[in-house]
Amino acid sequence: MSPTLRKGLIVGALHVALIASLGAKMLADRAMRPRVWARVAPYDPDLPLRGRYVRMAIEAPADDSVRSHYYGFFKPVIRNEELIFVPAGDRDGLRGSSQQRDGRFFVRLHEALAFFIPEHVPDPSIRPSGEELWVEVTLPRRGPPRPIRLGIKKDGALIPLDLR
């Protein structure tokens, strides 16, 4: 085996190890970190299309300490099996803004999530009146929530979508 081929194989093995370790970390987070369903606001991205995906911003109730319109950093937490955003510092928080709706404050994260969908599946973000798009997410120790699957909430019932 030539030295060039040997170096190429070593670099290739390192790349495979890096990708495998990232995949293992995400699978471990999915198994051990908290999971919760959250309402999302789908929107059309400005980025060039890189496959089929739904781009969405997570919306969730704000902690009771948020009593006005606020633009800043928030941290997602789970209380009573519901996603809630609490104010946080810029080092451990996610950028978002609070808005009042129906007498309650909600936070919408500014960093959008991308959920990739197969070619043959109709766009799940286009919903009839009375249906809301939701996403089940894993909450990692740091960084934005990671989407697992999409669901539809209609008449108070949440139904996961089969997008295979």
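The values are calculated or read from the model by the stated rules, or taken from the named source; none is laboratory data. Keep in mind the model is a prediction, meaning the values are calculated, not measured. In this analysis, Cβ positions are derived from the backbone assuming ideal geometry, glycine residues included, and neighbour counts consider all displayed protein chains.
Of note:
- Residue tally, condition assigned to a strand (DSSP E or B), more than 21 Å from residue 42 (Cβ to Cβ) and not hydroxyl-bearing (Ser, Thr, Tyr), over region 63-109: 12
- Candidates 84, 58 - the one that is aliphatic (A, V, I, L, M) and in contact (Cβ under 8 Å) with a residue 60 or more places away in the chain: 58
Conditions (1) of a type outside the set (Ser, Thr, Tyr); (2) surrounded by fewer than 16 Cβ atoms within 10 Å (Cβ to Cβ), marked per residue:
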| residue | (1), (2) |
| --- | --- |
| 77 | yes, no |
| 91 | yes, yes |
| 97 | no, yes |
| 117 | yes, no |
| 139 | yes, no |
| 147 | yes, no |
| 152 | yes, no |
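- Per this entry, residue 31 is not counted among residues that are of a type in the set (Gly, Ala, Ser) and surrounded by 12 or more Cβ atoms within 10 Å (Cβ to Cβ).
- Residue check for residue 119: part of a loop (DSSP other than H, G, I, E, B), touching a Gly at 6+ places or on another chain (Cβ under 9 Å) and farther than 30 Å from residue 68 by Cβ: yes
- Meets criteria (crowded, with 16+ Cβ neighbours inside 10 Å and either outside any strand (DSSP E or B) or among the basic types (Lys, Arg) (or both)) for residue 125: yes
- Unique residue being buried (at least 17 other Cβ atoms within 10 Å of the Cβ), modelled with pLDDT under 90 and in the same structural domain as residue 40 (by TED's automatic domain parsing) when the list is 54, 107: 54
- Qualifying position, being closer than 30 Å to residue 121 by Cα, under 20 Å from the mean Cα position of the chain (by Cα) and of a type outside the set (Val, Ile, Thr), among 30, 91: 30
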